[in-house]
Structures are given as structure tokens and as C-alpha cells.
Amino acid sequence: MNPSSDTGTSLSRRLAQALLGAAALAMLAGCGHKDRPRLNLAAAQVNAIGINSYLWRASLETLSFMPLAQANSQGGVIVTDWYANPKNPGERVKISVAILDEDLRADAIRVAASREVLQNGVWIEAPVQAATVQKLEDIILTKARDLRRSAVG
């Protein structure tokens, strides 16, 4: 067998398949879609930045009052720096958000929180209520859904 003839045959076959595919697409392009009703919905999967952009924007808006330590849209990670509420300076929190999927779904986001309290001039780790993390996830998801709805209108 001549190796150069195998390469030529393979190339010819691929070229023929590509031309056949292009012809099929051209024929389908002529099919009318005028009779079909159009839904005016925003896509649930918007990921030009590598992750769901609605979840990304909602996370940034939700945490906008806290200083950011890291924000990586390609990896879908947001980490805040320590934040102390001016009304309660003896306590501070740090939040991290991970966007895990390209779809706008409840399981596509994970929030973690750390809390410290000031005792005798030293910051001591303190527990974070599970409801706090759940509440943050709910707020972000609600904002993301609102952003998606507003993209329609």
C-alpha cells in the first residue's frame, strides 16, 4: 500500500464529507420558520466568561459592600477580604463564592463563610450559622433569576 495514496484518499473523503455537510446546511437554511411562534426568553446558559454570567453578576452585586480579595470569572471564584460591620466592629466575616456550572441552577453555586470575633485584641475563629450561607445562596440565586428576567424585557 502506498502511504501517500492513503493520505490522499482520506483527504478526499473528508473533503467530500465537508461538502456534503455544507450542502445539507444550505438546504436547511431555506426551510422557513415563519409559522413557528417565537418565545421571548433569555437563555439560562450565558457563559461568555466561562461560567454563568447571571450568577457571576448577582454574586458581585450581593457582595459589593465587602472588599474583594480575588475575583476570577474564568474559574468562577469570588473571595472577599475580611469585613467588619461598623455597627459591630468586634466581629468580621469573609465570604467565598464558587460558581460551579454554566447553567443557572440552584446547585451551580456554592457559598462558604468564615467568621471571627475579637477577644482580648486577638481574632478568634467562630462558627457561622448554616442558615447564613443558605441565605446568601438564596439571595444570589434570586438576583440571578431577576437579571435573567430583565434580559428578556
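The values are calculated or read from the model by the stated rules, or taken from the named source; none is laboratory data. All figures in this text were calculated on a predicted structure; none of them were measured in a lab. Heads up, the Cβs are rebuilt from the backbone with ideal geometry, glycines too, and the neighbour counts pull from every protein chain shown.
So the values come out like this:
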read-out	value
Enumerated strands (runs of 3 or more DSSP E) restricted to the range 53-153, each holding at least 1 residues that are surrounded by fewer than 12 Cβ atoms within 10 Å (Cβ to Cβ) and out of contact with any Phe, Trp or Tyr (no Cβ under 9 Å at 6 or more places or on another chain)	68-72, 109-119, 122-126
Test set (1) under 19 Å from Gly50 (Cβ atoms); (2) under 15 Å from the mean Cα position of the chain (by Cα); (3) not polar (S, T, N, Q) - Arg145 fails condition number	(1)
Scope the range 111-139; condition more than 10 Å from Glu91 (Cα to Cα) and small (Gly, Ala, Ser); matching residues	Ala112, Ala113, Ser114, Gly121, Ala130, Ala131
Contacts under 7 angstrom Cβ, first residue in the range 79-108 being under 19 Å from Trp123 (Cα atoms) and of a type in the set (S, T, N, Q), partner at pLDDT below 95 and surrounded by 16 or more Cβ atoms within 10 Å (Cβ to Cβ), 6 or more apart	none
Criterion: hydrophobic (A, V, I, L, M, F, W, C), at pLDDT below 95 and over 16 Å from the mean Cα position of the chain (by Cα) - qualifying residue of Leu39, Leu68	Leu39
